[in-house]
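Worksheet for the structure shown next.
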Amino acid sequence: MSVDSRCESEFASYHANGTPFLVLNRQGREHRMHDGFDSDEFLAALSA
């Protein structure tokens, strides 16, 4: 992000709080993990 301002702008548009910031798109639904990686949240999003 620090190298490409477009990446920084996109990251900011998601209102992310840190990295890693994950966006999961499954069956037309989007789930955003704003506060870094959480394995329980990730597994729940995959099974939703």
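Read the figures in this text as sums done on the coordinates, not as results from a lab. Bear in mind that the values here come from a model prediction, so they are computed numbers and not experimental data. Positions of Cβ are generated from backbone atoms using ideal geometry, with glycine treated the same way; all protein chains shown enter the neighbour counts.
Applying 1/(1 + (r/R0)^6) with r as the Cβ-Cβ distance of VAL3 and PHE37 and R0 = 25 angstrom yields a FRET efficiency of 0.65. Under the combined filter of DSSP loop state and at most 13 neighbouring Cβ atoms within 10 Å, the chain retains these chymotrypsin sites (Phe, Trp or Tyr not before Pro): TYR14, PHE37.
Counting only Cβ charges, +1 for Lys and Arg and -1 for Asp and Glu, the dipole size of the chain around its Cα centre is about 200 debye. Each helix, a run of at least 4 DSSP H residues, gives -39500 (n - 2.57); summed and divided by the residues of the chain, these come to -10500 deg cm²/dmol at 222 nm. Does the range 5-47 classify as rounded, prolate or oblate by the C-alpha gyration tensor (a ≥ b ≥ c root eigenvalues; a/c under 1.5 gives rounded; else a/b over b/c gives prolate, otherwise oblate)? In terms of gyration-tensor shape, oblate.
For the range 4-13, putting each phi into the Karplus relation 6.51 cos²θ - 1.76 cosθ + 1.60 with θ = phi - 60° gives couplings of 10, 5, 5, 5, 4, 5, 5, 4, 5, 5 Hz, in residue order, rounded to whole numbers and with x for Gly and Pro. Here the contact order of the chain, divided by its residue count and restricted to Cα pairs under 8 Å and six or more residues apart, works out to 28 percent.
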